[in-house]
Amino acid sequence: MPSFPTSVFAAGNAKRTTEMLKRKTALASLEQEDAAGDQPRRRGFKTDGLVAPDRPLSPTEWKKQLEEAPCSPERFDVHMMTLLFKTGAELDIAKSLLTFVALETGTMSYQLLLQYLTLCVKGGHDAEALDCYQIMRGAFPALETGASSLFIKAFSRTESWREALPILRDMKKVIAPSTRNYSDIIGGALLHGAAAPAWQLYDEVLGEGLTPLPDTWRALFEGGARGGRAEEEGGMSPAEYGERLLGVLGYMRDNQVYPERNLADAIKTWFHSLPGHHWRGEWTTVSPKGVCKGCGSELESIQLTPEEYTHLEARVMADIIQGKDVFQKTTAEELESFKAFVKRKPVFDVVVDGLNVANIVKGRQSEMLLAVVCELERQGLTTLVLGRKHMLRPSASWDRRNMGLIQKKAHCFFTENTSEDDPFLLYATLHSGNHCRFLSRDLMRDHKACLPDALTRRLFFKWQRGHQLVIHGTVAQGRRVGFQMISPYDTIVQSTGVSWHVPYDDSVDRSSYEVPQSWLCLTNKP
Amino acid sequence: MMGLFSRRVSVELWRLWSVSGTRHFSIGTFPTGQVCSPRSFSSGRFLRTDASQPDQGDKIDLDLWKSVMRSQTAVDESIEDDKEQVKKGDSTDYPSGCVLAATRELVSMWRQAGKLVPDKITDQDVKTLAELTTKSSKKKYLKFLAIREGHKNKSKEKQEKKRAEREQRLAEFPETLENRPPVKNSFLMQYRDHWLDRLLGWRGAQAMNFGQPLVFDMSYEAHMTPQELTNSVSQMLEVESCNRRSLDPFHLHLCNLQPEGGYRQQLVKRYSEDAWDRLLITETPQRHVDVFPQEQLVYLTADSPNVLRTFDPSKVYVVGAMVDRSIQTGRSFATAKRLQMATARLPLDQFLRWEIGAKTLTLDQMIRILLTIKDTGSWEQALAFVPKRKHDGFYQEKKQSERGGTAARDRGDRYPQRDQRERQGSAREPWGAGRGGQDRGVSGKGVGMAWEREYKQPVTRIRSSQNSTTEDRRRTDKTRTPWYQQD
């Protein structure tokens, strides 16, 4: 069948379509007008009326500021410190404020010190932050989560990164530390050559069920690339480190993670740095037939293995159609009658989502549907058309003659008007076998969300990319119906023994249901 | 504002200042144990040090606060030691030990950090807090507790103020026999509140014997979060009170109310045991299909394809008692389908120009609508209880002005763009790029306008019978317009 290269699953497609539609409907000009006129309206903010000084002030001068300030004297110190932080003031000014407060009241509130700490950490004054740590630890019984995170960040940047570990332990008692906290410590450990603790923490992240941040991976790969500088100190041999990094790539494969350009860079650098091998990487793309343009090798097929296929089929029936309550999407009776229908009919080649296809045009939907069914019949494919019972009622949209013709050319099943027809579509396609495809523009995201675990969802998405036919563009009267091409290869981190192919995001706005089109091809040819 | 220095801190300061090289203070101004004015210090200091060593003066100046804090820590520690020796026997251990204590500490530190956190938190709340997993859920719960505490404190303050005023007033004018205000002399009989209660009680009893039953289906406990459950219980309270005060109350049945369930526990807690027993409603753990015959039951749900045109006094209407803030489409319709019940929905689209908002209504809005339609038979009066922010007024007003040419043209091809679920004209379109991406310029407003054009005809037809099932529909004549085109 005539097929076209752009696919609804390719990265950037959704963004392009939105732009095109915007231009068509001239909404863009209206939006620009709106955006120009509106200033965001702010309510009275706590730092309004305060002016941050540009040099360190003496306590007398601060006293004058305090008296002239519009806010209450008790809150002056905290508000002024917040203002200094927001305006990015120098550290000395903040210190002078703290001195003034110390002289005035003899003590400082936790909030004030916390704001000061934020200023230090943002400005990168780590020594100051360490001092703060001593003071705050002494002055207050415990630290809360905000201060803990800031201290972890500050410590990880310095030599004494190990001090961050007890802070993390304390945090764990009350809340689950975030991936950002772990990322900071792992980065700090690697900067100072301690590889074994870094990997231990990485394992902890995975154990908690969190997804490591791309920054963590980047730090790990860069640490590896820096080489065997201090592997004795780190407690890990380069071979072991390499194994672990390959494990990271395996994780990215299993969880369908696509790295950004800078992470892909770090991966490439690490591969290049491996001694004794001749890894060479290049940025490339893949031809529509599934052949890498960099090294000429074929990529993995998008078809599922038989076990994966049976697993998916079972889950679709159990979770999408039946779910917790079969009556949500259909009725028990209807489901049984559909199962019987599918059993007695021959195996299908294409299953058509009747309503979705017909509604490409407004008015005279039955003509559209007839055109598509005729095209499929012309190509000799056994077709099943799914619809709802109201399509059988004659009207301007659903012409009786057209519907009669459709029922002659293809097998049809009409569900109740109150049931959903998409789950039946998925079931019929899966039941007919691997060669069967379904025709719809619906991305089935709401049904994919009914699946219980990430593995099944990824299998569903993989199966969908390999089996969903989408009508290309619009269908004009008298023109043949064209379909978008289904890519024969799987966009996932993959490797043969001597090559690695890593798809990455190359500064394209990619939606969650799209896959990237750019690849990093690594080959190890001596 | 002069701070109060402890003796030791002031001694420390004194030592620091002397180290910094200032000699320009007079000993006379520093009596032992008294507060010293920093003003005199600073002016003296700057006069001396600015010219000669500005950097050093600044440096020592800037890190002064650290020394102050450290010294204070030393002071505090010594005080703590003393205190601990005093209250040795005082145990502040919490039962589950580490986690609860740590949670309590976290709450107090968050309070010091300026987050929205209650001042006092009970053990039960700490336990609930510790069981919440994510940081954001903890913060939200604490915010809820803080706001509740704020309300309580405010009302307490008000009470205190009132009490103080009253005492003051009594002090000035003590209530003796001479000062008592004179008894009102009027020919009108004084009205007592409990007379109304008695009247409503008789009305309620009559409704229980002879009134039309109205069922609230309480089987959705498993589908609601604890907060939603509390909200639905509050709504049930309002339903009961609204029904009691109406002219001709329904006989309320709360079906599927499991005796051990959280729903019943909360209801009894809110009413108190005695009041709950005295309520003139029926509660039963049975299903409504077991209590009433199948032909009489009609489930009112927003997902139904059938529109309720007239209120039938012989039918028993069922309303699902569910609050779904995270809207669960089709849940009540699924229960109706499972039990093979007739379903219907309110004629919101036929009478209201819908703007934006979910077409699910709260329980008290439903009871008011049903009571009004029962009493008056007028949908305009009944649907006035739909929140006004959701719609733009009734259709009748607009029809007068636009009666002319538009009505005739729009009959023919106004079929829905795509076969949506039963939400006609709903602004809440959950389909993303799902149902077709190309001609998706249909916003809520667009669909609303399409349906507007359709419903220009006066809506005064009253059907004699109510065909509530799709089975019935099939049996009627084929020339009838399809369900989604009903006006």
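Of the candidates B:239, B:233, the single residue that is among the β-branched types (Val, Ile, Thr), more than 16 Å from residue B:369 (Cα to Cα) and buried (at least 16 other Cβ atoms within 10 Å of the Cβ) is B:233. Has the range A:454-473 got at least one residue that is buried (at least 16 other Cβ atoms within 10 Å of the Cβ), more than 15 Å from residue A:350 (Cα to Cα) and small (Gly, Ala, Ser)? Scanning the range A:454-473 turns up no residue that is buried (at least 16 other Cβ atoms within 10 Å of the Cβ), more than 15 Å from residue A:350 (Cα to Cα) and small (Gly, Ala, Ser).
Tallying residues that are closer than 21 Å to residue B:368 by Cα, small (Gly, Ala, Ser) and touching a residue at least 40 places away in the same chain (Cβ under 8 Å) within the range B:224-265 yields 2.
Can you name every residue in the range B:196-221 that is in a helix (DSSP H, G or I), over 24 Å from residue B:322 (Cβ atoms) and not hydrophobic (A, V, I, L, M, F, W, C)? Outline the logic, then answer.
Going residue by residue through the range B:196-221, those that are in a helix (DSSP H, G or I) are B:196-210, B:221.
Checking which are over 24 Å from residue B:322 (Cβ atoms) leaves us with B:196-210.
Listed by number, the residues that qualify are B:197, B:198, B:201, B:203, B:204, B:206, B:209.
For residue B:318, the criteria (1) part of a helix (DSSP H, G or I); (2) among the hydrophobic types (A, V, I, L, M, F, W, C); (3) within 26 Å of residue B:247 (Cα to Cα) hold in every case but one, which is (1).
Select the helices (runs of 4 or more DSSP H) contained entirely in the range A:222-317, then report the ones holding at least 2 residues which are basic (Lys, Arg). Write out each step before concluding.
Working: elements: A:231-234, A:238-254, A:261-273, A:306-315.
Where helices (runs of 4 or more DSSP H) fall fully within the range A:222-317 and carry at least 2 residues being basic (Lys, Arg), they are A:238-254, A:261-273.
With respect to the conditions (1) away from chain B (no Cβ under 14 Å); (2) crowded, with 22+ Cβ neighbours inside 10 Å; (3) of a type in the set (A, V, I, L, M), residue A:317 falls short on a single one, namely (2). Take the residues of the range A:320-346 that are of a type in the set (Ser, Thr, Tyr) and outside any helix (DSSP H, G or I): which is farthest from the other protein chains (Cβ to nearest Cβ)? Restricting to residues being of a type in the set (Ser, Thr, Tyr) and outside any helix (DSSP H, G or I), the top hit is A:330. Can residue A:130 be described as within 21 Å of residue A:169 (Cβ to Cβ) and crowded, with 21+ Cβ neighbours inside 10 Å? No; evaluated as a whole, the condition is false for this residue.
Please work out if residue A:150 is within 14 Å of chain B (Cβ to nearest Cβ), in contact with a Leu (Cβ under 8 Å, 6 or more places away or on another chain) and not charged (D, E, K, R). I'd like the intermediate steps shown before the answer.
Numbers: within 14 Å of chain B (Cβ to nearest Cβ): yes; in contact with a Leu (Cβ under 8 Å, 6 or more places away or on another chain): yes; not charged (D, E, K, R): yes.
So residue A:150 passes the test.
Is it fair to say residue B:313 is surrounded by 20 or more Cβ atoms within 10 Å (Cβ to Cβ), in contact (Cβ under 8 Å) with a residue 60 or more places away in the chain and in a loop (DSSP other than H, G, I, E, B)? It is false that residue B:313 is surrounded by 20 or more Cβ atoms within 10 Å (Cβ to Cβ), in contact (Cβ under 8 Å) with a residue 60 or more places away in the chain and in a loop (DSSP other than H, G, I, E, B). Which number in (1) touching a helix residue (DSSP H, G or I) at 6+ places or on another chain (Cβ under 9 Å); (2) closer than 24 Å to residue B:109 by Cβ marks the one condition that residue A:194 misses? Every condition holds for residue A:194 apart from (2).
Counting only helices (runs of 4 or more DSSP H) wholly contained in the range A:361-450, the ones carrying 2 or more residues that are away from chain B (no Cβ under 13 Å) and surrounded by 18 or more Cβ atoms within 10 Å (Cβ to Cβ) occupy A:365-378, A:400-409, A:422-432.
Just one of B:318, B:323, B:289 is touching a Ser or Thr at 6+ places or on another chain (Cβ under 6 Å), β-branched (Val, Ile, Thr), away from every other protein chain (no Cβ under 14 Å) and closer than 22 Å to residue A:328 by Cα; which is it? Give the derivation first.
Values: B:318 fails: touching a Ser or Thr at 6+ places or on another chain (Cβ under 6 Å); B:289 fails: touching a Ser or Thr at 6+ places or on another chain (Cβ under 6 Å).
B:323 is the lone residue from the list that is touching a Ser or Thr at 6+ places or on another chain (Cβ under 6 Å), β-branched (Val, Ile, Thr), away from every other protein chain (no Cβ under 14 Å) and closer than 22 Å to residue A:328 by Cα.
Among the residues of the range A:78-123, those that are facing another protein chain (nearest Cβ under 7 Å) and either of a type in the set (Asp, Glu) or under 14 Å from residue A:54 (Cβ atoms) (or both) comprise A:92, A:96, A:104.
In the range A:244-263, the residues that are in contact (Cβ under 8 Å) with a residue 40 or more places away in the chain and surrounded by fewer than 19 Cβ atoms within 10 Å (Cβ to Cβ) form Cβ pairs under 8 Å with partners that are in a helix (DSSP H, G or I) and small (Gly, Ala, Ser), at six or more places apart or across chains, as follows: A:255/A:454. With the requirement that a residue be out of contact with any strand residue (DSSP E or B) (no Cβ under 8 Å at 6 or more places or on another chain) and under 14 Å from residue A:220 (Cα atoms), what does the range A:240-250 give you? Those that are out of contact with any strand residue (DSSP E or B) (no Cβ under 8 Å at 6 or more places or on another chain) and under 14 Å from residue A:220 (Cα atoms): A:240, A:241, A:242, A:243, A:244, A:245, A:246, A:247, A:248.
Every number in this text was worked out from the coordinates using simple rules, so none of it is lab data. What you are looking at is a predicted structure, and each value in this text was computed from that prediction instead of being measured. With ideal geometry, Cβ positions are generated from the backbone for all residues, glycine too; neighbour counts draw on all protein chains shown.
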